[in-house]
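The values are calculated or read from the model by the stated rules, or taken from the named source; none is laboratory data. Note that the structure is a prediction, hence the values are computed from the model and not measured. Glycine also receives a Cβ, built like all others from the backbone with ideal geometry; neighbour counts cover every protein chain displayed.
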Amino acid sequence: MPTIKIIDPVTRIEGHMSVEVTIDNGRVVDAYCTGTLFRGFETILNGRDAWDAPVITQRICGVCPVSHATASVLALESIDAKSVPDNARILRNLTLGANYIQSHILHFYFLAARDYIKLLNAAPWAPAWDVDMRIPATDPINGHLPQAIEARRRAHEMGAIFGGRMPMAHTFIPGGFTAVPSQQSIDKYLAQLDWLINFIRSVYIPDVQAIGAVYSDYFSIGGGDKNLFAFGAFDLNAGGTQKLFGRGYIENGQTGAPAALNLNDISESVTHSWYSDSTNNLHPSAGSTVPQNPKSNAYSWLKAPRYTGKPFEAGPLARMWINGDYQRGISVMDRHLARANEALKVAEAMRGWLSSLRIGNPVYSDGTVTSGSGVGLTEAARGALGHWVLASSGKISRYQVITPTCWNASPRDSQNVPGPMEKALIGVTVADANQPVEVLRVIHSYDPCLACAVHVIRPKSRARIVSVKPRY
Amino acid sequence: MQLTRRQFLTLLAYSAAVAGCGGGGSSGGAGQPGTAPPGTSPVISMIPANGGPTVLWLSGAACSGCTVSLANRIAPTDPTDVGDLLINHINLAYHTTLMGAAGDMAVKNLNDLSAGPFILAVEGGIPTAFNGKACVLWSDGGTEVTALSAVRDLASRSMANLCIGTCASFGGVAAASPNPTQIQSVSQATGKSTINIPGCPAHPDWIVLTIAELLAGRTPALDSNGRPTTFFSGESLNVHERCPRRERDEAGTFGLDGRCLQELGCKGPSTQGDCPTRQWNNKTNWCVGANAICLGCTESGFPDRFSPFYRQGGG
């Protein structure tokens, strides 16, 4: 008799999400990703003073608030085509970079590693599923936890030097930055950075490589559609025409030069999302957030963003691929390796940015917001992030955000095409349906900013599941 | 094979030596890896736990920022950091971001442990719209459990209810007008009294030291907003009263160092908290220290009470 195994929550993810997986003969044949939290930030922003946006939107995510601050100030500045002083651009990059490092270390050691190695036999690490753990608990990776705790903390301390405090750094304001660099703060920053570069080089990257060597099969698992895209991040000049990570997209895992993104080709489907169908397939600049729950055929609080109507994966692998820094492959383990290598690339670039700060030069020029539409594009640690804003006399009349996890964990769209994570789960072999660690490995490789739940069912049980979770 | 705590400690010492990355000690200075003086490594402080009390940590309409902030704890006194807290001081049996267990195993663990004595910690506000379905936490026996139903159940049985951050304490940013998901504070949603540790995010010391008080068998003295008086109450804990920039010239625009920020919109005069002296991130800095205004993030009514936050462009 088929058994229904609902696994909810899946853990070691930020936020709330569930994934329902259908397993047939030990293989995932279908998957549905569900965002289970709705807060309505876009509605909250309507009618507020434009300068409130960087404050409010940072609270979307406590792991990557700096990315939201960045996207928000860029969006507001674009309304009046304002550029900020070089010092402000660099200080923003340094604070964003510090948060990348803390986020990547947090993800590997605290969210993902437990999928591959048993950690301490005590809460919160235990109890846990016990299947396919190929690396013994005595491995040095396990012993690196205290240094990883220290490294993540130090990365936040480094970010607070110019960000004031972490998380939630509101030194980001339209028109520039509030903190002013001094020789003392630069020296302090550099000391933390050097310590972290050493950690990334001598501990983090080798640990990821070690797991990759033992779980080499995961270089061919969880690839998905292999469509990658990046908005790009870390402006290297005043107009942002040069960036540390470039903008572009590729399809079907193609190598070589990426194609140029046309921002008009982004739209969001809500056919299977708990939002009114009157808002279906809109460009984010015209987007609207009208919740509707219950709604037939809907199963997620996430909208389904698409580029030219197709799903795309965002994240460190996408960035590194588009930029030509990493094109080994697209898989679970490639995502981890690209993420670790990216941490080093960003950290090393930060050394250069630090030396280009000019003590005494301005960090702020007039950031008054008038009327018009704007867009701010950047990259959160876990992928492309966009803010679209419409303002009238300095007040917000429309605000739309597309987070990287909306791209990666999106539900099906109006053409019934699965999102990237849903697609990547299909075909994954599961040894024990009661402990589907393989599913977790795929999910965690995207570093989704959601708490997640996996509902494992077998095909014949589908009717019962529908009655349990009346979504379809 | 899983490690016992004792075996883990041995491994930690070994791994730290191999990696040459033994930690900078509780001072958190910017020393090079491997240069930490003996006896100051966090590894040494990780002595075997003696079975601390069970803490069940739920996330409602949260952003995980308070959890991330908790991980920034570092101090010379116990718990010295988040590893020390988890390994030696509390039994954090449920925390979706940190725990190994998933699915049924996690829910069973929660059910088993909540049958005994436990402390409930809640991060995030509690959505009540859509019958609570704006925030679903887990499934139990095939039934989706909302944050609203979970917190009502657990808060009625816990030894103490801790609100971690402004959202759980007062509603916070996601409850801002028009409060699209009709979020309530834990106290509103449950009718139970709560110990409120606000802040957006909460400072790790506020969280850890409040838990330490409870573990020592003491109930922290609370102000009328349910906040521990030690960190939030009295004239001496008004941010402006304690601000080192209080007597300085006022900044008329942004990006000037060392000035009072009141003209730009600083909420220090309306805000309680020991930020000016405690500072953040291992005493690295604080908002005003980076010329950023105080947002009033520890106060009931944040953010609407203080919005708009800025005088655009300056005073």
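Key figures
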{"item": "Members of segment A:97-119 that are aliphatic (A, V, I, L, M), crowded, with 23+ Cβ neighbours inside 10 Å and in contact with a Gly (Cβ under 9 Å, 6 or more places away or on another chain)", "result": "A:98, A:101"}
{"item": "Selected residue (criterion: nearest to residue A:359 (Cα to Cα)) from residues of segment B:242-274 that are part of a helix (DSSP H, G or I) and in contact (Cβ under 8 Å) with a residue 24 or more places away in the chain", "result": "B:264"}
{"item": "Test result for residue A:43, within 22 Å of residue A:11 (Cα to Cα) and at the interface with chain B (Cβ under 7 Å from one of its Cβ atoms)", "result": "no"}
{"item": "The listed residue being among the small types (Gly, Ala, Ser) and in contact (Cβ under 8 Å) with a residue 12 or more places away in the chain, out of A:191, A:210", "result": "A:210"}
{"item": "Residue list for segment B:111-147, filter: buried (at least 24 other Cβ atoms within 10 Å of the Cβ) and of a type outside the set (Gly, Ala, Ser)", "result": "B:120, B:122, B:123, B:126, B:127, B:135, B:136, B:137, B:138"}
{"item": "Number of the condition not met by residue B:284 [criteria: (1) over 16 Å from residue A:363 (Cα atoms); (2) surrounded by fewer than 23 Cβ atoms within 10 Å (Cβ to Cβ)]", "result": "(2)"}
{"item": "Every residue from segment A:176-193 that is facing another protein chain (nearest Cβ under 7 Å) and not polar (S, T, N, Q)", "result": "A:176, A:177, A:179, A:180, A:188, A:191"}
{"item": "Filter result (among the hydroxyl-bearing types (Ser, Thr, Tyr) and crowded, with 23+ Cβ neighbours inside 10 Å) within segment A:33-45", "result": "A:34, A:36"}
{"item": "Flag for residue A:130 being surrounded by fewer than 24 Cβ atoms within 10 Å (Cβ to Cβ), outside any loop (DSSP other than H, G, I, E, B) and either more than 24 Å from the chain's Cα centre (by Cα) or modelled with pLDDT of 95 or more (or both)", "result": "no"}
{"item": "Hits in segment B:282-302 - residues which are out of contact with any Gly (no Cβ under 8 Å at 6 or more places or on another chain), at the interface with chain A (Cβ under 8 Å from one of its Cβ atoms) and closer than 27 Å to residue B:225 by Cα", "result": "B:295"}
{"item": "Index of the failed condition, residue A:184 passing every other in (1) more than 30 Å from residue A:394 (Cβ to Cβ); (2) without any contact (Cβ under 8 Å) to a residue 60 or more places away in the chain; (3) surrounded by 24 or more Cβ atoms within 10 Å (Cβ to Cβ)", "result": "(3)"}
{"item": "Some residue of segment B:158-177 being at the interface with chain A (Cβ under 10 Å from one of its Cβ atoms), part of a loop (DSSP other than H, G, I, E, B) and within 18 Å of the chain's Cα centre (by Cα)", "result": "yes"}
{"item": "Filter result for residue A:401 (over 11 Å from residue A:31 (Cβ atoms), surrounded by 23 or more Cβ atoms within 10 Å (Cβ to Cβ) and within 14 Å of chain B (Cβ to nearest Cβ))", "result": "yes"}
{"item": "Strands (runs of 3 or more DSSP E) (entirely within segment A:355-405) containing at least 3 residues that are within 13 Å of the chain's Cα centre (by Cα)", "result": "A:372-380, A:383-392"}
{"item": "Members of segment B:211-231 that are surrounded by fewer than 23 Cβ atoms within 10 Å (Cβ to Cβ) and part of a helix (DSSP H, G or I)", "result": "B:212, B:213, B:214, B:215, B:229, B:230"}
{"item": "Filter result for residue B:257 (within 11 Å of chain A (Cβ to nearest Cβ) and farther than 30 Å from residue A:393 by Cβ)", "result": "yes"}
{"item": "Hits in segment A:121-144 - residues which are touching a residue at least 24 places away in the same chain (Cβ under 8 Å) and in contact with a strand residue (DSSP E or B) (Cβ under 8 Å, 6 or more places away or on another chain)", "result": "A:135, A:139, A:141, A:142"}
{"item": "Segment B:159-185, subset at pLDDT 95 or above and of a type in the set (S, T, N, Q), residue nearest to residue B:70 (Cα to Cα)", "result": "B:166"}
{"item": "Scope segment A:279-310; condition closer than 15 Å to residue A:227 by Cα and out of contact with any strand residue (DSSP E or B) (no Cβ under 8 Å at 6 or more places or on another chain); matching residues", "result": "A:308, A:310"}
{"item": "Long-range neighbours under 9 Å by Cβ, at least six apart or interchain, first residue acidic (Asp, Glu) within segment B:144-166, second surrounded by fewer than 24 Cβ atoms within 10 Å (Cβ to Cβ) and in a strand (DSSP E or B)", "result": "B:153/B:145"}
{"item": "First in segment A:234-259 and more than 27 Å from residue A:420 (Cβ to Cβ) and without any contact (Cβ under 8 Å) to a residue 60 or more places away in the chain, second anywhere and assigned to a loop (DSSP other than H, G, I, E, B) and not hydrophobic (A, V, I, L, M, F, W, C), Cβ under 9 Å, 6 or more apart", "result": "A:236/A:242"}
{"item": "Among (1) within 9 Å of chain B (Cβ to nearest Cβ); (2) among the hydrophobic types (A, V, I, L, M, F, W, C); (3) buried (at least 24 other Cβ atoms within 10 Å of the Cβ) - the single one residue A:56 does not satisfy", "result": "(3)"}
{"item": "Residue under evaluation residue A:67, criteria (1) touching a helix residue (DSSP H, G or I) at 6+ places or on another chain (Cβ under 9 Å); (2) in a loop (DSSP other than H, G, I, E, B), criterion not met", "result": "(2)"}
